[in-house]
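To start, the structure itself, in structure tokens.
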Amino acid sequence: MKKFYFPLHTVLNYKQQVLDNLRNEQAQIISDIVKAEKRIDDLQNQDRSWAAELHEKRQRGMTVLEMGTYEKYLYNLRVREKLEKEALSQLEERKEEKRKQVVAAKTETASIELLKEKKLAQYEYQAQKNEEIFIEEFVSNVRSKSLQEQNA
């Protein structure tokens, strides 16, 4: 019997590669999100630390120039934090879009795999039927030969 051949095998391989690539891209985006969250946490910690230091120095007394320097630095930290949060928001949107793409690709791949499984089941069923027919013919031929030999 001939070997099972699935005509959409190359399409299935292609769809699987697309799915793998999308999953890798999704993983990279998640990694970028984790890094962005860490940067935001670091900026917030710096902000709290510098704000506490500014408050302490104000209590003890400081020059206007020093106070201005601290306030500008705190302002810059807060601007950087705001920019990081905006970048994080964009990454979250990209993650959601990539998730949708992964789901769509997974659905396509699963449907082709299901079709392959159905075709394989049909192939195996037909192979079994052909084997049964072959065995029946073989047995029938053996019987007819033995009957011919008995009659002769």
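Answer with one residue from Asn151, Val11, Ile40: the one whose Cα lies farthest towards the positive end of the charge dipole of the chain, charges on Cβ with Lys, Arg +1 and Asp, Glu -1.
Ile40
Quick one: grab the alpha carbon gyration tensor of the chain, order the square roots of its eigenvalues as a ≥ b ≥ c, and give me rounded if a/c is under 1.5, else prolate or oblate depending on whether a/b is larger than b/c.
In terms of gyration-tensor shape, prolate.
Only Lys, Arg, Asp and Glu count, each charged at its Cβ (+1, +1, -1, -1), so figure out the dipole size of segment 1-72 about its Cα centre, rounded to 20 debye.
Here segment 1-72 has a charge dipole of around 520 debye.
If neighbour count is taken as other Cβ atoms inside 10 Å, put Val142, Val64 in order from fewest to most.
Fewest-to-most ranking of Val142, Val64: Val64, Val142.
Measure nothing fancy, just the Cα-based angle from helix 9-60's long axis to the longest principal axis of the chain, in degrees from 0 to 90, nearest 10.
It is inclined by approximately 20 degrees.
Show which aspartates and glutamates lie in cross-link reach of Lys85 when reach means a straight Cα distance below 17 angstrom and same-chain residues fewer than eight apart are skipped.
Asp32, Glu37, Asp41, Asp42, Asp47, Glu93, Glu96
Sort out the exposed loop trypsin sites (Lys or Arg not before Pro) in the chain (DSSP loop, at most 12 other Cβ within 10 Å) and tell me the longest stretch that has none.
Value returned for the longest uninterrupted segment is 4-152.
Loop-only chymotrypsin sites (Phe, Trp or Tyr not before Pro) in segment 1-74, please: DSSP not H, G, I, E or B, and at most 16 other Cβ atoms within 10 Å.
Phe4, Tyr5
My understanding is that a pair violates if its Cα-Cα distance is over 30 Å; which of Lys15/Lys38; Lys15/Lys119; Lys95/Lys118; Lys38/Lys100; Lys15/Lys118; Lys106/Lys129 do that in this structure?
Lys15/Lys38; Lys95/Lys118; Lys106/Lys129
Quick one: putting +1 on the C-beta of Lys and Arg, -1 on the C-beta of Asp and Glu, what dipole do you get for the chain around its Cα centre, in Debye to the nearest 20?
The calculation lands at about 220 debye.
Step through the residues of segment 73-87 one at a time and calculate ³J(HN,Hα) from phi using the Karplus curve (6.51 cos²θ - 1.76 cosθ + 1.60, θ = phi - 60°), rounding each to whole Hz and writing x for Gly and Pro.
5, 4, 4, 4, 4, 5, 5, 4, 4, 5, 5, 5, 5, 5, 4
Quick one: if the Förster radius is 30 Å, what FRET efficiency do Leu114 and Asn141 give, using the C-beta to C-beta distance and rounding to 0.05?
According to the calculation, E is roughly 0.15.
We did not get these values from a lab; they are worked out from the coordinates using the rules stated. What you see is a predicted model, and the numbers here were worked out from it, not measured in a lab. Positions of Cβ are backbone-derived with ideal geometry, glycine not excepted, and every protein chain shown enters the neighbour counts.
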